[in-house]
1. Can you sort B:58, A:435 by 1.4 Å-probe accessible area, starting with the largest?
2. How much accessible area per residue does the range A:123-243 have, counting only protein heavy atoms and a probe of 1.4 Å, in square angstrom?
3. Which value, in Å² and to the nearest 10, is the accessible area of residue A:292 when all protein chains are kept and the probe is 1.4 Å?
4. ³J(HN,Hα) across the range A:309-317 via Karplus (A = 6.51, B = -1.76, C = 1.60, θ = phi - 60°), whole Hz, x for Gly/Pro?
5. Might you report the magnitude of the Cβ-based charge dipole of the range B:2-70 about its Cα centre, with Lys and Arg at +1 and Asp and Glu at -1, to the nearest 20 debye?
6. Determine the shielding of peptide B:38-44 by partner chains: average, over its residues, the number of Cβ atoms on other chains within 10 angstrom of each Cβ.
7. Mind checking the per residue accessible area of the range B:2-70 for me, 1.4 Å probe, whole number of Å²?
8. Can you compute 3J(HN,Hα) from phi for each residue in the range A:48-56, using the Karplus curve 6.51 cos²θ - 1.76 cosθ + 1.60 with θ = phi - 60°, rounded to whole Hz and x for Gly and Pro?
Amino acid sequence: MTGFSLFKFTSKWFFLILIGASLLPIPVMAHAGGLPLTNEPAIIPTWLFVLTGGVIIGISFLFVSLVTHRQLIDNINSYQLSLPFPQFLKPNISILQFLSIFLLIYTLILGIFGPQNPVSSFSILFVWVIWWAGYTMTVYLFGNTWDALNPWKSISILLPSLNHPYPSKLGSWPASIGLLFFVLIEVGSDITYSPYTLSLVLIFYTILTLMGSFVYGSKPWFENADPISKFFRCYGEMSLLTSSKNSIEIHLPGTKLVTGSNTLGLSARHEVLFIITILFITTYDGLISTQFWNKWVLIPLLSLGIPLLIIHLLSLIVGHGLFYAIYHYAIIISHRISGTYISIHSLNIKFAASLLPIAAGYHLAHFTGYLLTFFPAFVYATFHPLSPVPFHPNSLPHWIPLLALIFILLGHICSVWISHCISFKLFSGRLQPLRSQYPIIFIMILYTMFSLWIVTSPLAR
Amino acid sequence: MEKNSVLGLEFSTPRASDPVETCPFCEFIFRERDDLIFHMVEVHSHKCSAKTNEEYRRLSLIESNKLFIYHLKICSLIMLTMMALAYIYAFALVG
């Protein structure tokens, strides 16, 4: 079977399943604000809303396909606006490092001895609202500052090290497993609402990280094995800003991924797995909060007596494997359609970077409302760290859920463009790069529809 | 057959009997000569001979014609998709 007929065969079945699913008589109306804390019903049915998202991605690919002149693609990607950056505005790194270490210790202590009500706890609000939601946004929007601010790295530099060579076989596996483990703890324990548990996990992570950097040295550990550093480094490549000695350059998001000036150093399958992990965890976080998940997966499995943590562990392993399998399959078909001699392994690695904007868009969509809702509580907790207060969430403007959906679509459109540019870097001529994109765009359309279905699904109570 | 290129890409040819066109400047391998010509001029334009450039112009012209048809199909597909979506919206919202 040739690549193209294989693609046609697969797409035909996918579309049949999709149409079949959309015709199921489920009377669920779209909740454009299925995101946390919002549940205003939209006026169009879910299936139409989800279909529209898929169509937008498909049309964006068609429009992008009109850009086939290599010089034009290079000009678009190299477009940047330089702004002067006076020296006196540059922050003092030592002070910031000291501050980050202080914040780590302060968070740990308040988690153990401070108020245990999550919305009054500085530790909970700082870690989940400010750091995980807000700080991550600054990384993919403005650039990776984690290398400078990482408190564990700052401490490890001060400590002695055995400097054993980091095993190259391990690659990014510890980071991928660490990130999945982090999500497992997030969804399977009370870490998101128990300051005490959060502090215990932070202590565990601190010991593990400092031991790793003690054995292998600070640089190899934080470059390869530390999940958080690698997570921020990947997101940092998406940023709109790049700083040089005396200026700041504003450019299109993800330009560094296309021009090859990124610092990801993608060279092996485990690096691809890490990017897939980033994509998967953002989706999984949303999926498990839907009524669908609770009704059809969680409750039946719990009724069989399977512990919650095991359910999440199995779901993470199966879901992650499924994500990788779908991506890998799309690359195999792309390889066959294009008729290239570049190996599937290399294509796998080269196109993986184009998945990052999707993850960033989904993160932005998922956490914008969350950040805005809980930020006032964080401000209060900062000034009154030891006094618990009742929390009254602010009602968000009605356009916030719409903004979230726009972020998801923008992430996917950005991804379509990056994938298009990478294909023009890898393949010669103008038709071969376009044809190679069919399977990749196809899975992007499916994934967009899946993401939109998640954010429009009613939340589990 | 496995071969590593200077470009940091790994290449593989399915069978030893398959045709292989190798770029003389960077060891990039291709199935067809047309792809090789495109690659040579697009990536190593300053190193190419006049004959290669001439061949590139000829192939580009053929590809431009195919691309024109391809773009026409794309424009038609965009219009058809928009119309289909408009109809679906109309039926879904009225019905």
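1. Details: B:58 125, A:435 105 Å².
Of B:58, A:435, the descending order of accessible area is B:58, A:435.
2. On the way: 4920 Å² over 121 residues.
Here the per-residue accessible area is 41 Å².
3. 100
4. After applying 6.51 cos²θ - 1.76 cosθ + 1.60, I find 5, 5, 4, 5, 4, 5, 4, 5, 5 Hz.
5. On the way: 9 positive and 12 negative charges, 40 e Å.
Taking the Cα centre of the range B:2-70 as origin, the dipole is about 200 debye.
6. Numbers: counts 6, 3, 1, 1, 5, 3, 0.
Taking the mean over all residues of the peptide, I get 3.
7. On the way: 4180 Å² over 69 residues.
Accessible area per residue: 61 Å².
8. Listing the rounded values in order: 6, 4, 5, 4, 4, x, x, 5, 4 Hz.
The values are calculated or read from the model by the stated rules, or taken from the named source; none is laboratory data. On a predicted model such as this, the values are computed, not experimentally measured, just so you know. Cβ coordinates were reconstructed from backbone atoms using ideal geometry, including for glycine residues, and neighbour counts include every protein chain displayed. Heads up: the accessible areas ignore ligands, DNA and RNA and are worked out on the full protein's heavy atoms, side chains in. Shrake-Rupley method; radii C 1.70, N 1.55, O 1.52, S 1.80 Å.
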